[in-house]
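In what follows, a single structure is set out as structure tokens and then discussed.
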Amino acid sequence: MVSVDAVLLAGGRGSRVDGAVKPLFQVGGSTLLRAAIDAVRARGAARIVVAAPVLDDALAVRWVREDPPFGGPVAGIVAALEEVDADELYVLACDLAAPAAALRRLPDALPPGVDGVCLDDGRRQWLIGRYRTAALRAAASALPARGRHASMRALLGGLDIAPVAAEATETHDVDTWDDLHRARGGAMTEPRTLPPEALNDWSAALAERFGLAEGDIPISLILDLARDVANGVARPAAPLSAFVAGLVAGRAGGSPADTEAAVAAVVELARGWESR
């Protein structure tokens, strides 16, 4: 019989929620962390390792921390791999609004010939997956600096990972205060987009400081660019890519159409990066 453990990732900075500890957010009568633990346990995980500082002493889990902290999800996985010994391994982010629904999409055991599976709602959701532990260890051993700030593509891109189709409502994560509000209210029609009004004051201040027109700062467009680059490449690549898109648009003339074209080109590159 195939054995399975779980690695849960809960050690991020929470920068888009003012530094709050997202795994401790309450949704549906449970913290996101406890919901993730219950979800992997219901799917048969024998040992559960949480990559994070200790957030709740009452939880029957093992805690590990990448060194130095805040090295990203790959560094958390690399640290946690030292604490597991099952044949297969769930990898799950602890900011999912409905982790049980997401995990129900995954198979009870991996099919022959693949190194793992992960959900795909139009893009690969590497942090909702089930993987062969040996394959993960081999891939992790090839990463420099124990995976610090590495992208998930760097860890998994060389493995045979089969996609499992999923709905966006099943992969909805809580990245912002608005995401949390939607998760608590059940309305998740735009699960990954920060509403433009959340940045209106800052955008207005920037426009006034630099003499820009109201329509010169396309907030939604830039946030979507940052999201796609963070998912497809790596989180630190998002601000770099936004800068490059602005530079390219400015050199092309700086019109709204120039900005849209530059952003579209960057997004296209990011979405194909994982299969490069």
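I'd like to check something: does the stretch 219-232 contain any residue that is surrounded by 13 or more Cβ atoms within 10 Å (Cβ to Cβ), in contact with a Lys or Arg (Cβ under 8 Å, 6 or more places away or on another chain) and of a type in the set (Gly, Ala, Ser)?
Looking through the stretch 219-232, at least one residue is surrounded by 13 or more Cβ atoms within 10 Å (Cβ to Cβ), in contact with a Lys or Arg (Cβ under 8 Å, 6 or more places away or on another chain) and of a type in the set (Gly, Ala, Ser).
The rows are residues; the columns are (1) more than 20 Å from residue 84 (Cα to Cα); (2) at pLDDT 90 or above.
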site	(1), (2)
127	no, yes
131	no, yes
134	no, yes
164	yes, yes
179	yes, no
188	yes, no
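To keep it simple, each residue is scored yes or no on (1) among the charged types (D, E, K, R); (2) within 25 Å of residue 227 (Cα to Cα); (3) touching a helix residue (DSSP H, G or I) at 6+ places or on another chain (Cβ under 7 Å).
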residue: 99; (1), (2), (3): no, yes, yes
residue: 110; (1), (2), (3): no, no, no
residue: 119; (1), (2), (3): no, yes, yes
residue: 123; (1), (2), (3): yes, yes, yes
residue: 126; (1), (2), (3): no, yes, yes
residue: 149; (1), (2), (3): no, yes, no
residue: 156; (1), (2), (3): no, yes, yes
residue: 161; (1), (2), (3): no, yes, no
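Of the residues in the stretch 215-237, how many are within 13 Å of the chain's Cα centre (by Cα) and in a helix (DSSP H, G or I)?
Start the filter on the stretch 215-237 by keeping residues that are within 13 Å of the chain's Cα centre (by Cα), which leaves 226-236.
Checking which are in a helix (DSSP H, G or I) leaves us with 226-232.
Residues that pass the stated criteria total 7.
What are the residues in the stretch 114-138 that are open to solvent by 20 Å² or more (accessible area, probe 1.4 Å), in a helix (DSSP H, G or I) and aliphatic (A, V, I, L, M), if any?
Within the stretch 114-138, 134, 138 meet the criteria.
Considering only residues that are within 22 Å of residue 35 (Cα to Cα) and open to solvent by 40 Å² or more (accessible area, probe 1.4 Å), which ones fall in the stretch 81-97?
83 - this is the single residue of the stretch 81-97 that is within 22 Å of residue 35 (Cα to Cα) and open to solvent by 40 Å² or more (accessible area, probe 1.4 Å).
May I ask you to list pairs of residues, at least six apart or on different chains, whose Cβ atoms are under 7 Å apart, with the first in the stretch 238-262 being farther than 15 Å from residue 215 by Cα and the second being of a type in the set (Val, Ile, Thr) and open to solvent by 50 Å² or more (accessible area, probe 1.4 Å)?
242/222; 262/248
Would you point out the residue of the stretch 8-26, among those that are open to solvent by 20 Å² or more (accessible area, probe 1.4 Å) and assigned to a strand (DSSP E or B), that is nearest to residue 65 (Cα to Cα)?
Result: 9.
Report, by residue number, each residue of the stretch 142-151 that is open to solvent by 30 Å² or more (accessible area, probe 1.4 Å) and not in a loop (DSSP other than H, G, I, E, B).
144, 145, 146
May I ask you to list the residues in the stretch 36-63 that are hydrophobic (A, V, I, L, M, F, W, C) and either surrounded by fewer than 22 Cβ atoms within 10 Å (Cβ to Cβ) or in a loop (DSSP other than H, G, I, E, B) (or both)? Steps first, please.
Initial filter on the stretch 36-63 (hydrophobic (A, V, I, L, M, F, W, C)): 36-37, 39-40, 42, 45-46, 48-52, 54-55, 58-61, 63.
Scanning the stretch 36-63 gives 42, 45, 46, 52, 54, 55, 58, 59, 60, 61, 63.
Against the condition farther than 26 Å from residue 24 by Cβ, in a helix (DSSP H, G or I) and not β-branched (Val, Ile, Thr), how does residue 162 come out, does it pass? Outline the logic, then answer.
Numbers: farther than 26 Å from residue 24 by Cβ: yes; in a helix (DSSP H, G or I): no; not β-branched (Val, Ile, Thr): yes.
No: the conditions fail for residue 162.
Give the residue that is modelled with the highest pLDDT, with candidates limited to residues of the stretch 238-276 that are open to solvent by 40 Å² or more (accessible area, probe 1.4 Å) and within 17 Å of the chain's Cα centre (by Cα).
It comes out as 239.
Let me confirm something: among 154, 205, which residue is modelled with pLDDT of 90 or more, not in a strand (DSSP E or B) and not acidic (Asp, Glu)? I'd like the intermediate steps shown before the answer.
Values: 205 fails: modelled with pLDDT of 90 or more.
Just one listed residue meets the conditions, 154.
List every residue pair whose Cβ atoms lie under 7 Å apart, where the two residues are 6 or more positions apart in sequence or sit on different chains, the first residue falls within the stretch 126-139 and is without any contact (Cβ under 8 Å) to a residue 24 or more places away in the chain, and the second residue, located anywhere, is surrounded by fewer than 19 Cβ atoms within 10 Å (Cβ to Cβ).
Close Cβ pairs satisfying both conditions: 139/158; 139/159.
The values are calculated or read from the model by the stated rules, or taken from the named source; none is laboratory data. The model shown is predicted, which means the values in this text are computed figures rather than measured ones. When we count neighbours, we look across all protein chains shown, and the Cβ atoms used for this are built from the backbone with ideal geometry, even at glycine. Quick note on the areas: whole protein, heavy atoms, side chains included, nothing else; ligands and nucleic acids left out. Shrake-Rupley method; radii C 1.70, N 1.55, O 1.52, S 1.80 Å.
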